[in-house]
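Quick notes on the structure that follows.
Throughout, read-outs are computed from the coordinates displayed, never taken from laboratory work. As the structure is a computational prediction, the values presented were derived from the model and not from experiment. Note: ideal-geometry Cβ built from the backbone for every residue, glycine included; neighbour counts use all protein chains shown.
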Amino acid sequence: MGEERVRRYESLSALIESFPKEEAAEWYFSRLMESEDAKDAIENKPVEGEEGDGEGQGMGPAIPGTTDDHEGWDDLSEEERELVKGKVRQAVEDAVKECDKKGQWGSVGAGTRGKIRELISKEVPWQSILRNFVGMTRRANRHSNVRRLNRKYTGIHPGIQRGYTSSIAVYIDQSGSVSESELQLLFGELRNLAKQTEFVCFHFDTEVDEASEMTWRKGKTPSAHRTRCGGTCFKAPSEHANKNKSRFDGYLILTDGYAPDPGPSKLRRGWVITTDGEVPNFVTREVSFKMKAPKGEQQLAA
């Protein structure tokens, strides 16, 4: 490398080092094009005073490495593209595991690491699991309606109208493991599901506090408050729900998960685990998920 090449290389290196992290590729390219040295390198201009026809002289030593080539990508079929995407995803996943294993991420920032982990994550959002549980816990209502035509006896008998509603009990652990912020996190998601579903909230520790019953319908939000402070027994809400199976189509238990197995349930049961809790080992075939705070709240907590 001659003096001019060394100067160009050092100029570009200093310019790239001065750029902020985690910007878009277009942002970096536009800033590079503001530099005459970068333009000369990108446009493959030869260095003055060097021999040769100039082909390949500009990019090589000035910007080490090879250029990104996408030739032939548009000619691939959908199956071939998915295969390539799968191989790339697997390669990134293997690289992340290797970096975590050795603890060597180099200069990759914590924010970029989190984004890479999200790209390869196979975790299903807990909100989707909750919506699926509520959607599957619905009953069909059938009643006559003179405004609907009867397909078999048109004009003689009224038609049939069907609707889908549900009533779900929500049992809230009062042992101190469920914070107000976690209650608000669950209630915030249930608020979007209260259009066709009625939620009836109860507090429990070793017993269900029936005096704490709050019915939550569309347009109403129950207040977060505490009425008990004992231990935790999952048999209490399970037995209470089974006794009231004529009222409820299913029930959710909001807890940290640290209590013995309550045994089987006659009603559809779901487990909502707090952010610091653990899904119980005895929960196998029932619906269970662990809540996760939004990204902004996670960063504040950290």
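The calculated FRET efficiency for the pair Gln184 and Asp75, based on their C-beta separation and a Förster distance of 51 Å, comes to about 0.45. Using R0 = 25 Å, the C-beta based FRET efficiency linking Leu15 and Ala95 works out to 0.35. Segment Leu119..Glu23, full-extension length gain: 32.8 nm, with 0.36 nm per residue of separation and the alpha-carbon distance subtracted. Exceedance of the 18 Å cut-off in Cα-Cα distance is limited, within the set Lys266/Lys292; Lys245/Lys290; Lys115/Lys292; Lys21/Lys97; Lys235/Lys290, to Lys266/Lys292; Lys245/Lys290; Lys21/Lys97; Lys235/Lys290. A Förster distance of 22 Å, applied to the separation of the beta-carbon atoms of Lys87 and Gln127, puts the FRET efficiency at 0.10.
The stretch between Arg191 and Tyr258 holds 21.4 nm of extra length on full extension. This uses 0.36 nm per residue minus the Cα-Cα distance.
Per-residue packing, averaged as other Cβ atoms within 10 Å, sorts the ranges 264-277, 180-193, 101-114 into the order 264-277, 180-193, 101-114, beginning with the highest.
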